[in-house]
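In what follows, a single structure is set out as C-alpha coordinates and then discussed.
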Amino acid sequence: MAQSTKNDFSQGSMSRNILNIALPMTLAQLINVLYSVVDRMYIGRLPDASTLALTGIGLTLPVTSMITAFSNLFSTGGAPLFSISRGEGNEKKSARILGTSTSMLIAIGAALTILVWLAKKPLLYLLGASDATYPYANEYLSIYLLGTIFVMISLGLNSFINAQGFARTGMLTVLIGAILNIILDPVFIFVLDMGVQGAALATIISQGISALWVIRFLTGPKAIIKIQKSMLFPDFKLVGKIFGLGLSGFIMAVTNSAVQMVCNVTLQAWGGDLYVAIMTVLNSVREIVSMPVQGITSGAQPVLGYNYGAGKYDRVRSGIKFTSLVGIIYTTAAWAVIFVAPGFFIRIFNSDPSLLESGIPALHLYFFGFFMMSLQFSGQCVFTGLGKAKFAVFFSLLRKAIIVIPLTLLLPYIAGLGVTGVFLAEPISNFIGGAACFITMIFTVYRKLGKQDT
(Lines give C-alpha, C1' and ligand atoms only; values in the text may rest on other atoms or scores of the structure.)
Protein backbone atom coordinates (compact mmCIF):
# COMPACT_ATOMS: atom_id res chain seq x y z
CA MET A 1 0.00 0.00 0.00
CA ALA A 2 2.87 2.39 0.82
CA GLN A 3 4.51 1.67 -2.52
CA SER A 4 1.24 2.24 -4.37
CA THR A 5 0.77 5.58 -2.60
CA LYS A 6 4.32 6.58 -3.44
CA ASN A 7 3.57 6.09 -7.13
CA ASP A 8 0.26 8.00 -7.05
CA PHE A 9 0.53 10.31 -10.09
CA SER A 10 -2.49 12.37 -8.98
CA GLN A 11 -0.33 14.03 -6.32
CA GLY A 12 2.44 16.61 -6.75
CA SER A 13 3.52 18.64 -9.77
CA MET A 14 2.50 17.19 -13.15
CA SER A 15 5.73 18.34 -14.78
CA ARG A 16 7.75 16.71 -12.02
CA ASN A 17 5.74 13.47 -12.24
CA ILE A 18 6.24 13.39 -16.01
CA LEU A 19 9.96 14.16 -15.78
CA ASN A 20 10.50 11.58 -13.03
CA ILE A 21 9.34 8.95 -15.50
CA ALA A 22 10.32 10.62 -18.77
CA LEU A 23 13.99 11.33 -18.01
CA PRO A 24 14.90 7.72 -17.21
CA MET A 25 12.67 6.58 -20.09
CA THR A 26 14.36 9.03 -22.47
CA LEU A 27 17.75 7.74 -21.47
CA ALA A 28 16.42 4.19 -21.74
CA GLN A 29 15.05 4.78 -25.24
CA LEU A 30 18.26 6.44 -26.36
CA ILE A 31 20.14 3.44 -25.05
CA ASN A 32 17.64 1.13 -26.72
CA VAL A 33 18.47 2.68 -30.08
CA LEU A 34 22.02 1.48 -29.52
CA TYR A 35 20.88 -2.12 -30.06
CA SER A 36 20.49 -1.50 -33.78
CA VAL A 37 22.48 1.69 -34.26
CA VAL A 38 25.68 0.32 -32.72
CA ASP A 39 25.42 -2.67 -35.05
CA ARG A 40 25.31 -0.27 -38.01
CA MET A 41 28.20 1.80 -36.65
CA TYR A 42 30.46 -1.24 -36.42
CA ILE A 43 29.26 -2.82 -39.67
CA GLY A 44 29.90 0.48 -41.47
CA ARG A 45 33.56 0.01 -40.64
CA LEU A 46 34.04 -3.54 -41.89
CA PRO A 47 37.09 -3.72 -44.16
CA ASP A 48 36.43 -4.04 -47.92
CA ALA A 49 32.62 -4.39 -47.76
CA SER A 50 31.38 -1.74 -45.33
CA THR A 51 28.85 -0.04 -47.63
CA LEU A 52 27.38 -3.31 -48.95
CA ALA A 53 27.16 -4.76 -45.43
CA LEU A 54 25.54 -1.54 -44.13
CA THR A 55 23.04 -1.70 -46.98
CA GLY A 56 22.33 -5.36 -46.15
CA ILE A 57 21.49 -4.53 -42.54
CA GLY A 58 19.39 -1.61 -43.74
CA LEU A 59 17.30 -4.05 -45.74
CA THR A 60 16.39 -5.92 -42.55
CA LEU A 61 15.06 -2.78 -40.84
CA PRO A 62 11.48 -3.23 -42.10
CA VAL A 63 11.47 -6.75 -40.62
CA THR A 64 12.88 -5.69 -37.23
CA SER A 65 10.43 -2.76 -37.25
CA MET A 66 7.61 -5.24 -37.83
CA ILE A 67 8.66 -7.22 -34.75
CA THR A 68 8.75 -3.98 -32.78
CA ALA A 69 5.25 -3.23 -34.10
CA PHE A 70 3.83 -6.34 -32.48
CA SER A 71 5.49 -5.53 -29.16
CA ASN A 72 3.95 -2.04 -29.46
CA LEU A 73 0.48 -3.59 -29.48
CA PHE A 74 0.98 -4.28 -25.80
CA SER A 75 3.33 -1.51 -24.73
CA THR A 76 1.10 1.21 -26.22
CA GLY A 77 -2.17 -0.73 -25.82
CA GLY A 78 -1.88 -2.64 -22.58
CA ALA A 79 0.18 -0.19 -20.53
CA PRO A 80 -2.20 2.83 -20.87
CA LEU A 81 -5.20 0.64 -19.97
CA PHE A 82 -3.13 -0.68 -17.06
CA SER A 83 -2.44 2.91 -15.89
CA ILE A 84 -6.10 3.92 -16.19
CA SER A 85 -7.13 0.85 -14.14
CA ARG A 86 -4.57 1.74 -11.48
CA GLY A 87 -5.93 5.29 -11.38
CA GLU A 88 -9.42 3.85 -10.87
CA GLY A 89 -8.08 1.67 -8.02
CA ASN A 90 -8.90 -1.58 -9.86
CA GLU A 91 -5.70 -3.58 -9.24
CA LYS A 92 -7.29 -6.92 -10.17
CA LYS A 93 -8.07 -5.63 -13.66
CA SER A 94 -4.52 -4.24 -13.89
CA ALA A 95 -3.11 -7.68 -13.06
CA ARG A 96 -5.35 -9.29 -15.68
CA ILE A 97 -4.14 -6.81 -18.32
CA LEU A 98 -0.52 -7.58 -17.43
CA GLY A 99 -1.05 -11.36 -17.49
CA THR A 100 -2.90 -11.27 -20.80
CA SER A 101 -0.22 -9.09 -22.38
CA THR A 102 2.54 -11.44 -21.20
CA SER A 103 1.02 -14.59 -22.68
CA MET A 104 0.11 -12.89 -25.95
CA LEU A 105 3.60 -11.43 -26.40
CA ILE A 106 5.15 -14.88 -26.07
CA ALA A 107 2.63 -16.51 -28.45
CA ILE A 108 2.94 -13.83 -31.13
CA GLY A 109 6.74 -13.82 -30.82
CA ALA A 110 6.89 -17.57 -31.48
CA ALA A 111 4.56 -17.26 -34.50
CA LEU A 112 6.58 -14.40 -35.99
CA THR A 113 9.82 -16.36 -35.66
CA ILE A 114 8.44 -19.25 -37.69
CA LEU A 115 6.61 -17.22 -40.34
CA VAL A 116 9.42 -14.77 -41.10
CA TRP A 117 12.03 -17.53 -41.15
CA LEU A 118 10.06 -19.44 -43.79
CA ALA A 119 9.63 -16.35 -45.97
CA LYS A 120 12.93 -14.53 -45.45
CA LYS A 121 14.56 -15.02 -48.88
CA PRO A 122 11.70 -13.75 -51.06
CA LEU A 123 10.95 -11.13 -48.40
CA LEU A 124 14.47 -9.66 -48.49
CA TYR A 125 14.44 -9.44 -52.30
CA LEU A 126 11.02 -7.80 -52.07
CA LEU A 127 12.53 -5.27 -49.66
CA GLY A 128 15.11 -4.21 -52.25
CA ALA A 129 18.00 -6.65 -51.85
CA SER A 130 20.39 -7.14 -54.74
CA ASP A 131 22.55 -10.20 -55.34
CA ALA A 132 25.43 -8.25 -53.75
CA THR A 133 23.58 -7.25 -50.57
CA TYR A 134 21.35 -10.29 -50.01
CA PRO A 135 24.06 -12.45 -48.30
CA TYR A 136 24.66 -9.78 -45.65
CA ALA A 137 20.94 -9.24 -45.03
CA ASN A 138 20.30 -12.99 -44.81
CA GLU A 139 23.18 -13.61 -42.39
CA TYR A 140 21.95 -10.88 -40.04
CA LEU A 141 18.25 -11.73 -40.15
CA SER A 142 18.72 -15.50 -39.76
CA ILE A 143 20.32 -15.03 -36.35
CA TYR A 144 18.21 -12.03 -35.27
CA LEU A 145 15.00 -14.02 -35.67
CA LEU A 146 16.13 -16.49 -33.00
CA GLY A 147 15.74 -13.71 -30.44
CA THR A 148 12.28 -12.54 -31.48
CA ILE A 149 10.60 -13.62 -28.23
CA PHE A 150 13.33 -11.82 -26.24
CA VAL A 151 12.59 -8.60 -28.16
CA MET A 152 8.85 -8.98 -27.63
CA ILE A 153 9.19 -9.46 -23.87
CA SER A 154 11.82 -6.79 -23.19
CA LEU A 155 10.06 -4.10 -25.26
CA GLY A 156 6.45 -5.12 -24.65
CA LEU A 157 6.58 -5.67 -20.88
CA ASN A 158 9.01 -2.91 -19.93
CA SER A 159 6.18 -0.39 -20.35
CA PHE A 160 4.36 -2.09 -17.46
CA ILE A 161 7.36 -1.41 -15.23
CA ASN A 162 7.32 2.28 -16.24
CA ALA A 163 3.53 2.44 -15.82
CA GLN A 164 3.95 1.50 -12.14
CA GLY A 165 6.33 4.43 -11.62
CA PHE A 166 9.59 2.44 -11.69
CA ALA A 167 11.18 4.40 -14.53
CA ARG A 168 14.73 3.82 -13.28
CA THR A 169 14.16 0.07 -13.28
CA GLY A 170 12.73 0.37 -16.79
CA MET A 171 15.83 2.30 -17.80
CA LEU A 172 18.03 -0.48 -16.42
CA THR A 173 16.18 -2.97 -18.63
CA VAL A 174 17.66 -1.42 -21.75
CA LEU A 175 20.85 -0.13 -20.11
CA ILE A 176 21.96 -3.65 -19.18
CA GLY A 177 21.25 -5.01 -22.64
CA ALA A 178 22.74 -2.04 -24.50
CA ILE A 179 26.00 -2.07 -22.55
CA LEU A 180 26.30 -5.79 -23.13
CA ASN A 181 25.62 -5.24 -26.84
CA ILE A 182 28.31 -2.56 -27.07
CA ILE A 183 30.82 -4.89 -25.43
CA LEU A 184 29.91 -7.99 -27.45
CA ASP A 185 29.64 -6.30 -30.87
CA PRO A 186 33.36 -5.66 -31.50
CA VAL A 187 34.26 -9.04 -29.99
CA PHE A 188 31.95 -11.00 -32.28
CA ILE A 189 32.31 -8.77 -35.37
CA PHE A 190 36.07 -8.17 -35.41
CA VAL A 191 37.86 -10.39 -32.89
CA LEU A 192 35.95 -13.57 -33.80
CA ASP A 193 35.61 -12.34 -37.42
CA MET A 194 31.87 -13.09 -37.55
CA GLY A 195 30.90 -9.89 -39.41
CA VAL A 196 27.17 -9.20 -39.62
CA GLN A 197 26.41 -12.56 -37.98
CA GLY A 198 28.35 -11.37 -34.93
CA ALA A 199 26.32 -8.16 -34.78
CA ALA A 200 23.06 -10.15 -34.78
CA LEU A 201 24.33 -12.61 -32.16
CA ALA A 202 25.40 -9.80 -29.85
CA THR A 203 21.95 -8.24 -30.20
CA ILE A 204 19.91 -11.34 -29.33
CA ILE A 205 22.12 -12.22 -26.35
CA SER A 206 21.68 -8.67 -25.05
CA GLN A 207 17.92 -8.72 -25.60
CA GLY A 208 17.72 -12.09 -23.84
CA ILE A 209 19.36 -10.67 -20.72
CA SER A 210 16.99 -7.67 -20.84
CA ALA A 211 13.99 -9.99 -21.11
CA LEU A 212 15.13 -11.97 -18.06
CA TRP A 213 15.51 -8.72 -16.11
CA VAL A 214 11.94 -7.65 -16.97
CA ILE A 215 10.43 -11.00 -15.98
CA ARG A 216 12.43 -11.09 -12.75
CA PHE A 217 11.19 -7.63 -11.70
CA LEU A 218 7.54 -8.20 -12.65
CA THR A 219 7.45 -11.44 -10.66
CA GLY A 220 9.47 -10.06 -7.74
CA PRO A 221 8.55 -8.32 -4.48
CA LYS A 222 9.12 -4.71 -5.61
CA ALA A 223 6.45 -4.65 -8.33
CA ILE A 224 3.09 -3.17 -7.27
CA ILE A 225 1.24 -5.32 -9.83
CA LYS A 226 2.96 -8.64 -10.56
CA ILE A 227 2.73 -11.29 -13.27
CA GLN A 228 0.59 -14.00 -11.69
CA LYS A 229 0.17 -17.56 -12.99
CA SER A 230 -3.59 -17.37 -12.45
CA MET A 231 -3.77 -14.32 -14.74
CA LEU A 232 -1.70 -15.66 -17.64
CA PHE A 233 -4.54 -17.27 -19.60
CA PRO A 234 -5.60 -14.57 -22.09
CA ASP A 235 -8.78 -12.65 -21.37
CA PHE A 236 -9.95 -12.19 -24.95
CA LYS A 237 -12.24 -9.28 -24.10
CA LEU A 238 -9.16 -7.48 -22.81
CA VAL A 239 -7.18 -8.62 -25.85
CA GLY A 240 -9.70 -6.79 -28.02
CA LYS A 241 -9.39 -3.59 -25.95
CA ILE A 242 -5.59 -3.82 -25.89
CA PHE A 243 -5.48 -4.36 -29.64
CA GLY A 244 -7.89 -1.47 -30.20
CA LEU A 245 -5.76 1.01 -28.29
CA GLY A 246 -2.40 -0.55 -29.18
CA LEU A 247 -3.32 -0.45 -32.85
CA SER A 248 -1.99 3.12 -33.03
CA GLY A 249 1.48 2.13 -31.85
CA PHE A 250 1.30 -1.00 -34.00
CA ILE A 251 0.33 0.98 -37.08
CA MET A 252 3.07 3.54 -36.44
CA ALA A 253 5.66 0.76 -36.37
CA VAL A 254 4.10 -1.16 -39.29
CA THR A 255 3.88 1.96 -41.42
CA ASN A 256 7.50 2.77 -40.52
CA SER A 257 8.32 -0.71 -41.78
CA ALA A 258 6.29 -0.16 -44.94
CA VAL A 259 7.91 3.24 -45.54
CA GLN A 260 11.39 1.74 -45.13
CA MET A 261 10.48 -0.98 -47.62
CA VAL A 262 9.04 1.45 -50.18
CA CYS A 263 12.01 3.81 -49.77
CA ASN A 264 14.54 1.01 -50.20
CA VAL A 265 12.83 -0.37 -53.29
CA THR A 266 12.38 3.09 -54.85
CA LEU A 267 15.94 4.16 -54.06
CA GLN A 268 17.29 0.88 -55.42
CA ALA A 269 15.48 1.57 -58.69
CA TRP A 270 16.51 5.25 -58.97
CA GLY A 271 19.94 5.31 -57.32
CA GLY A 272 21.18 1.80 -56.52
CA ASP A 273 22.85 0.37 -53.41
CA LEU A 274 24.53 3.67 -52.47
CA TYR A 275 21.21 5.43 -51.85
CA VAL A 276 19.83 2.47 -49.89
CA ALA A 277 22.91 2.85 -47.65
CA ILE A 278 22.22 6.60 -47.34
CA MET A 279 18.63 5.89 -46.26
CA THR A 280 19.96 3.41 -43.68
CA VAL A 281 22.12 6.20 -42.25
CA LEU A 282 19.26 8.72 -42.28
CA ASN A 283 16.96 6.27 -40.49
CA SER A 284 19.69 5.72 -37.90
CA VAL A 285 20.14 9.46 -37.33
CA ARG A 286 16.37 9.91 -37.06
CA GLU A 287 16.16 7.14 -34.47
CA ILE A 288 18.82 8.87 -32.37
CA VAL A 289 17.52 12.44 -32.51
CA SER A 290 13.82 11.57 -32.14
CA MET A 291 14.31 9.38 -29.07
CA PRO A 292 14.32 12.22 -26.48
CA VAL A 293 10.94 13.57 -27.60
CA GLN A 294 9.58 10.01 -27.75
CA GLY A 295 10.89 9.51 -24.22
CA ILE A 296 9.06 12.61 -22.98
CA THR A 297 5.78 11.62 -24.61
CA SER A 298 6.12 7.99 -23.50
CA GLY A 299 6.81 9.17 -19.95
CA ALA A 300 3.76 11.41 -20.05
CA GLN A 301 1.36 8.62 -21.06
CA PRO A 302 1.09 6.77 -17.72
CA VAL A 303 0.84 10.06 -15.81
CA LEU A 304 -1.88 11.42 -18.11
CA GLY A 305 -3.73 8.10 -18.08
CA TYR A 306 -3.61 7.78 -14.30
CA ASN A 307 -4.98 11.30 -13.75
CA TYR A 308 -7.61 10.79 -16.45
CA GLY A 309 -8.76 7.61 -14.69
CA ALA A 310 -8.83 9.51 -11.40
CA GLY A 311 -10.92 12.33 -12.91
CA LYS A 312 -8.18 14.98 -12.44
CA TYR A 313 -8.82 16.75 -15.75
CA ASP A 314 -7.08 20.02 -14.85
CA ARG A 315 -3.92 18.03 -14.18
CA VAL A 316 -4.28 16.24 -17.53
CA ARG A 317 -4.45 19.61 -19.32
CA SER A 318 -1.37 20.80 -17.45
CA GLY A 319 0.50 17.66 -18.47
CA ILE A 320 -0.47 18.12 -22.12
CA LYS A 321 0.83 21.70 -22.16
CA PHE A 322 4.11 20.74 -20.53
CA THR A 323 4.73 17.75 -22.81
CA SER A 324 3.95 19.71 -25.99
CA LEU A 325 6.19 22.65 -25.06
CA VAL A 326 9.19 20.49 -24.19
CA GLY A 327 8.79 18.53 -27.44
CA ILE A 328 8.68 21.64 -29.62
CA ILE A 329 11.74 23.20 -27.96
CA TYR A 330 13.80 20.01 -28.24
CA THR A 331 12.97 19.19 -31.88
CA THR A 332 13.67 22.78 -32.99
CA ALA A 333 17.10 22.64 -31.32
CA ALA A 334 17.82 19.20 -32.82
CA TRP A 335 16.89 20.46 -36.30
CA ALA A 336 19.35 23.37 -35.93
CA VAL A 337 22.20 21.05 -34.91
CA ILE A 338 21.55 18.66 -37.80
CA PHE A 339 21.47 21.55 -40.26
CA VAL A 340 24.78 22.97 -39.03
CA ALA A 341 26.72 19.69 -38.73
CA PRO A 342 25.29 17.09 -41.15
CA GLY A 343 28.66 15.49 -41.90
CA PHE A 344 29.21 14.65 -38.24
CA PHE A 345 26.05 12.54 -38.09
CA ILE A 346 26.85 10.66 -41.30
CA ARG A 347 30.46 9.92 -40.27
CA ILE A 348 29.17 8.14 -37.16
CA PHE A 349 28.16 5.32 -39.49
CA ASN A 350 30.32 5.55 -42.59
CA SER A 351 33.09 7.77 -43.98
CA ASP A 352 32.87 6.70 -47.61
CA PRO A 353 33.45 9.92 -49.67
CA SER A 354 30.69 9.08 -52.17
CA LEU A 355 28.22 8.41 -49.35
CA LEU A 356 29.12 11.73 -47.69
CA GLU A 357 28.85 13.66 -50.96
CA SER A 358 25.35 12.40 -51.71
CA GLY A 359 24.26 11.94 -48.09
CA ILE A 360 24.70 15.51 -46.80
CA PRO A 361 22.13 17.15 -49.15
CA ALA A 362 19.79 14.20 -48.54
CA LEU A 363 20.12 14.70 -44.77
CA HIS A 364 19.34 18.44 -45.05
CA LEU A 365 16.23 17.72 -47.08
CA TYR A 366 15.00 14.74 -45.05
CA PHE A 367 15.12 16.65 -41.74
CA PHE A 368 13.66 19.93 -43.00
CA GLY A 369 10.97 21.08 -40.55
CA PHE A 370 11.85 18.33 -38.08
CA PHE A 371 10.18 20.31 -35.26
CA MET A 372 6.77 19.44 -36.71
CA MET A 373 7.30 15.82 -35.63
CA SER A 374 6.90 16.94 -32.02
CA LEU A 375 3.29 17.90 -32.75
CA GLN A 376 2.63 14.38 -34.05
CA PHE A 377 4.25 12.81 -30.98
CA SER A 378 2.34 15.07 -28.57
CA GLY A 379 -1.02 14.46 -30.19
CA GLN A 380 -0.46 10.69 -30.36
CA CYS A 381 0.69 10.67 -26.74
CA VAL A 382 -2.57 12.24 -25.58
CA PHE A 383 -4.84 10.05 -27.72
CA THR A 384 -3.08 6.88 -26.61
CA GLY A 385 -2.62 7.83 -22.95
CA LEU A 386 -6.32 8.68 -22.54
CA GLY A 387 -7.55 5.61 -24.43
CA LYS A 388 -8.83 7.51 -27.51
CA ALA A 389 -8.17 4.57 -29.83
CA LYS A 390 -9.89 5.80 -33.00
CA PHE A 391 -7.98 9.08 -33.15
CA ALA A 392 -4.71 7.36 -32.26
CA VAL A 393 -5.15 4.83 -35.07
CA PHE A 394 -6.20 7.40 -37.69
CA PHE A 395 -3.26 9.72 -37.15
CA SER A 396 -0.86 6.79 -37.08
CA LEU A 397 -2.08 5.93 -40.57
CA LEU A 398 -2.28 9.49 -41.86
CA ARG A 399 1.36 10.58 -41.76
CA LYS A 400 3.02 7.42 -43.04
CA ALA A 401 0.50 5.31 -44.97
CA ILE A 402 -1.63 8.08 -46.49
CA ILE A 403 1.06 10.74 -47.06
CA VAL A 404 4.63 9.35 -47.08
CA ILE A 405 4.18 6.12 -49.06
CA PRO A 406 2.24 7.65 -51.99
CA LEU A 407 4.63 10.62 -52.14
CA THR A 408 7.68 8.32 -52.08
CA LEU A 409 6.31 6.48 -55.09
CA LEU A 410 5.11 9.54 -57.03
CA LEU A 411 7.60 12.37 -56.39
CA PRO A 412 10.58 10.75 -58.16
CA TYR A 413 8.59 11.02 -61.43
CA ILE A 414 7.71 14.71 -60.94
CA ALA A 415 9.98 17.37 -62.49
CA GLY A 416 12.87 14.92 -62.66
CA LEU A 417 13.23 14.78 -58.87
CA GLY A 418 14.42 11.14 -58.82
CA VAL A 419 15.97 10.19 -55.46
CA THR A 420 15.39 13.75 -54.20
CA GLY A 421 11.66 13.04 -54.31
CA VAL A 422 12.10 10.10 -51.94
CA PHE A 423 13.84 12.27 -49.33
CA LEU A 424 11.32 15.10 -49.81
CA ALA A 425 8.34 12.93 -48.81
CA GLU A 426 9.31 12.89 -45.10
CA PRO A 427 9.30 16.68 -44.41
CA ILE A 428 6.03 17.13 -46.32
CA SER A 429 4.41 14.47 -44.12
CA ASN A 430 5.80 16.09 -40.96
CA PHE A 431 4.11 19.40 -41.74
CA ILE A 432 0.75 17.99 -42.83
CA GLY A 433 0.50 15.05 -40.42
CA GLY A 434 1.94 16.86 -37.38
CA ALA A 435 -0.32 19.89 -37.73
CA ALA A 436 -3.46 17.79 -38.35
CA CYS A 437 -2.82 15.53 -35.34
CA PHE A 438 -2.05 18.34 -32.89
CA ILE A 439 -4.91 20.62 -33.94
CA THR A 440 -7.39 17.73 -33.70
CA MET A 441 -6.11 16.88 -30.22
CA ILE A 442 -6.62 20.49 -29.08
CA PHE A 443 -10.23 20.64 -30.27
CA THR A 444 -11.37 17.10 -29.43
CA VAL A 445 -9.55 16.46 -26.14
CA TYR A 446 -7.83 19.48 -24.58
CA ARG A 447 -10.79 21.87 -24.81
CA LYS A 448 -13.29 19.21 -23.71
CA LEU A 449 -11.18 18.44 -20.63
CA GLY A 450 -11.47 22.11 -19.66
CA LYS A 451 -15.27 21.97 -19.92
CA GLN A 452 -15.45 18.73 -17.90
CA ASP A 453 -13.37 20.29 -15.14
CA THR A 454 -15.60 23.31 -14.68
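The values are calculated or read from the model by the stated rules, or taken from the named source; none is laboratory data. Being a predicted model, the structure only gives us computed values, none of them experimental. Cβ: placed from backbone, ideal geometry, glycine included. Neighbour counts: every protein chain shown. Accessible surface areas use protein heavy atoms only, side chains included; no ligands, DNA or RNA. Shrake-Rupley method; radii C 1.70, N 1.55, O 1.52, S 1.80 Å.
Odds and ends about this structure:
- Check on I432, without any contact (Cβ under 8 Å) to a residue 12 or more places away in the chain and open to solvent by 40 Å² or more (accessible area, probe 1.4 Å): no
- Only residues that are buried (at least 22 other Cβ atoms within 10 Å of the Cβ) and either of a type in the set (S, T, Y) or under 19 Å from the mean Cα position of the chain (by Cα) (or both) were counted in the range 211-246, giving 5.
- Here G165 meets each of (1) of a type outside the set (A, V, I, L, M); (2) open to solvent by 20 Å² or more (accessible area, probe 1.4 Å); (3) part of a helix (DSSP H, G or I) with one exception, condition (3).
- Of the residues making up the range 200-210, those that are open to solvent by less than 10 Å² (accessible area, probe 1.4 Å) and in contact with a Leu (Cβ under 8 Å, 6 or more places away or on another chain) are A200, A202, S206.
- Subset tally (residues that are of a type in the set (V, I, T) and without any contact (Cβ under 8 Å) to a residue 40 or more places away in the chain) for the range 391-429: 4
- Filter pass, V174 being within 30 Å of N90 (Cα to Cα), touching a residue at least 40 places away in the same chain (Cβ under 8 Å) and in contact with a Ser or Thr (Cβ under 6 Å, 6 or more places away or on another chain): no
- Test: residue in the range 99-114 that is more than 26 Å from A392 (Cβ to Cβ), of a type outside the set (D, E) and at pLDDT below 75: no
- Selection status of R96, open to solvent by less than 30 Å² (accessible area, probe 1.4 Å), over 30 Å from L59 (Cα atoms), of a type outside the set (S, T, Y) and part of a helix (DSSP H, G or I): no
- Residues within the range 301-335 that are assigned to a helix (DSSP H, G or I), open to solvent by 10 Å² or more (accessible area, probe 1.4 Å) and aliphatic (A, V, I, L, M), tallied: 6
- Among the helices (runs of 4 or more DSSP H) confined to the range 336-421, the ones with at least 1 residues that are at pLDDT 85 or above, in contact with a Lys or Arg (Cβ under 9 Å, 6 or more places away or on another chain) and crowded, with 20+ Cβ neighbours inside 10 Å are located at 353-366, 372-385.
- Every residue from the range 265-300 that is of a type in the set (S, T, N, Q), farther than 17 Å from M373 by Cβ and open to solvent by 10 Å² or more (accessible area, probe 1.4 Å): T266, Q268
- You will find that of N32, N17, the residue that is buried (at least 22 other Cβ atoms within 10 Å of the Cβ), part of a helix (DSSP H, G or I) and at pLDDT below 80 is N32 and no other.
- Counted residues, the range 190-199 - those being closer than 18 Å to T55 by Cα and surrounded by fewer than 24 Cβ atoms within 10 Å (Cβ to Cβ): 3
- Any hit, the range 427-449, residues being aromatic (F, W, Y) and farther than 26 Å from T26 by Cα: yes
- Residue among L123, L115 that is more than 19 Å from N162 (Cβ to Cβ) and without any contact (Cβ under 8 Å) to a residue 12 or more places away in the chain: L115
- Filtering L123, L127, L141, L184 for residues that are farther than 16 Å from S71 by Cα and either among the basic types (K, R) or open to solvent by 40 Å² or more (accessible area, probe 1.4 Å) (or both) leaves a single hit, L123.
- Hits in the range 332-360 (condition: in contact with a Pro (Cβ under 9 Å, 6 or more places away or on another chain) and either touching a residue at least 40 places away in the same chain (Cβ under 8 Å) or more than 25 Å from W270 (Cα to Cα) (or both)): A334, G359
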